[in-house]
Amino acid sequence: AYVITSGCAGVKDAACTQVCPQDCIHDAGNQFVIDPDECIDCGACVPACPVGAVYPEEDVPHDQRASIARNRDFFL
Ligand code: SF4
Ligand code: F3S
(Lines give C-alpha, C1' and ligand atoms only; values in the text may rest on other atoms or scores of the structure.)
(Ligands and ions follow the chains in the order given, each with its own letter.)
Protein backbone atom coordinates (compact mmCIF):
# COMPACT_ATOMS: atom_id res chain seq x y z
CA ALA A 1 0.00 0.00 0.00
CA TYR A 2 0.99 3.63 -0.33
CA VAL A 3 1.72 5.70 2.75
CA ILE A 4 1.33 9.42 3.51
CA THR A 5 4.25 10.77 5.53
CA SER A 6 4.45 13.74 7.90
CA GLY A 7 5.11 16.21 5.09
CA CYS A 8 1.32 16.27 4.70
CA ALA A 9 0.83 17.79 8.15
CA GLY A 10 0.24 21.52 8.01
CA VAL A 11 -0.38 21.35 4.25
CA LYS A 12 -3.24 18.88 3.81
CA ASP A 13 -3.62 19.94 0.19
CA ALA A 14 -6.14 17.11 -0.42
CA ALA A 15 -5.31 16.92 -4.15
CA CYS A 16 -4.54 13.25 -3.53
CA THR A 17 -8.15 12.57 -2.58
CA GLN A 18 -9.31 13.95 -5.94
CA VAL A 19 -7.30 11.43 -7.96
CA CYS A 20 -7.62 8.27 -5.84
CA PRO A 21 -9.86 5.77 -7.64
CA GLN A 22 -10.51 3.93 -4.38
CA ASP A 23 -11.51 6.93 -2.24
CA CYS A 24 -9.24 5.39 0.37
CA ILE A 25 -7.47 8.60 1.48
CA HIS A 26 -8.98 10.10 4.60
CA ASP A 27 -8.48 13.15 6.82
CA ALA A 28 -6.96 11.93 10.10
CA GLY A 29 -6.85 15.37 11.68
CA ASN A 30 -3.18 16.35 11.65
CA GLN A 31 -2.62 14.78 8.24
CA PHE A 32 -4.32 12.63 5.63
CA VAL A 33 -3.80 8.85 5.68
CA ILE A 34 -4.30 5.93 3.27
CA ASP A 35 -6.33 2.83 4.12
CA PRO A 36 -3.88 0.01 3.30
CA ASP A 37 -6.69 -2.52 2.85
CA GLU A 38 -8.33 -0.42 0.12
CA CYS A 39 -5.27 0.98 -1.69
CA ILE A 40 -4.64 -0.76 -5.03
CA ASP A 41 -1.11 0.64 -5.45
CA CYS A 42 -2.03 2.63 -8.55
CA GLY A 43 0.39 5.47 -7.67
CA ALA A 44 -1.93 8.26 -8.82
CA CYS A 45 -1.63 10.09 -5.50
CA VAL A 46 2.15 10.49 -5.70
CA PRO A 47 2.37 13.18 -8.44
CA ALA A 48 -0.81 14.83 -7.14
CA CYS A 49 0.79 15.81 -3.84
CA PRO A 50 2.52 19.24 -4.02
CA VAL A 51 4.89 18.40 -1.17
CA GLY A 52 5.83 14.84 -2.17
CA ALA A 53 4.43 13.32 1.02
CA VAL A 54 3.24 10.03 -0.52
CA TYR A 55 5.44 6.95 -0.99
CA PRO A 56 5.03 3.27 -1.72
CA GLU A 57 5.42 1.54 1.65
CA GLU A 58 8.76 -0.01 0.67
CA ASP A 59 10.17 3.40 -0.30
CA VAL A 60 9.17 5.36 2.82
CA PRO A 61 12.34 7.16 4.04
CA HIS A 62 13.91 5.69 7.17
CA ASP A 63 13.11 8.75 9.30
CA GLN A 64 9.46 8.42 8.25
CA ARG A 65 8.92 4.72 8.98
CA ALA A 66 6.52 5.57 11.83
CA SER A 67 4.15 6.87 9.17
CA ILE A 68 3.41 3.32 8.06
CA ALA A 69 1.75 2.48 11.38
CA ARG A 70 0.16 5.94 11.57
CA ASN A 71 -1.68 5.28 8.31
CA ARG A 72 -2.64 1.69 9.13
CA ASP A 73 -3.67 2.26 12.74
CA PHE A 74 -6.20 4.96 11.82
CA PHE A 75 -8.32 2.26 10.19
CA LEU A 76 -8.14 -0.36 12.97
FE1 SF4 B 1 -5.41 5.71 -3.91
FE2 SF4 B 1 -3.85 4.74 -5.81
FE3 SF4 B 1 -2.83 6.35 -3.94
FE4 SF4 B 1 -3.58 3.87 -3.31
S5 SF4 B 1 -1.90 4.45 -4.69
S6 SF4 B 1 -4.03 5.73 -2.15
S7 SF4 B 1 -5.37 3.59 -4.64
S8 SF4 B 1 -4.36 6.91 -5.50
FE1 F3S C 1 -1.45 15.65 2.14
FE2 F3S C 1 -0.30 15.80 -0.20
FE3 F3S C 1 -2.65 14.66 0.02
S4 F3S C 1 -0.30 17.37 1.37
S5 F3S C 1 -3.63 15.71 1.70
S6 F3S C 1 -0.76 13.94 0.93
S7 F3S C 1 -1.99 15.99 -1.62
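The values are calculated or read from the model by the stated rules, or taken from the named source; none is laboratory data. Because the structure is a prediction, the values reported are computed rather than measured. In this analysis, Cβ positions are derived from the backbone assuming ideal geometry, glycine residues included, and neighbour counts consider all displayed protein chains. With ligands, DNA and RNA removed, areas are computed over all heavy atoms of the protein, side chains included. Shrake-Rupley method; radii C 1.70, N 1.55, O 1.52, S 1.80 Å.
Numbers below:
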{"read-out": "In the range 15-42, the residues that are farther than 14 Å from Arg70 by Cα and touching a strand residue (DSSP E or B) at 6+ places or on another chain (Cβ under 7 Å)", "value": "Cys16, Thr17, Cys24, Cys39, Asp41"}
{"read-out": "Per-region count, the range 55-76, residues buried (at least 17 other Cβ atoms within 10 Å of the Cβ), acidic (Asp, Glu) and more than 15 Å from ligand 2 (Cβ to nearest atom)", "value": "0"}
{"read-out": "The range 2-54 - residue that is assigned to a loop (DSSP other than H, G, I, E, B), touching a Gly at 6+ places or on another chain (Cβ under 7 Å) and open to solvent by 30 Å² or more (accessible area, probe 1.4 Å) and, of those, farthest from ligand 1 (Cβ to nearest atom)", "value": "Val51"}
{"read-out": "Flag for Ala28 being over 12 Å from Phe74 (Cα atoms) and of a type in the set (A, V, I, L, M, F, W, C)", "value": "no"}
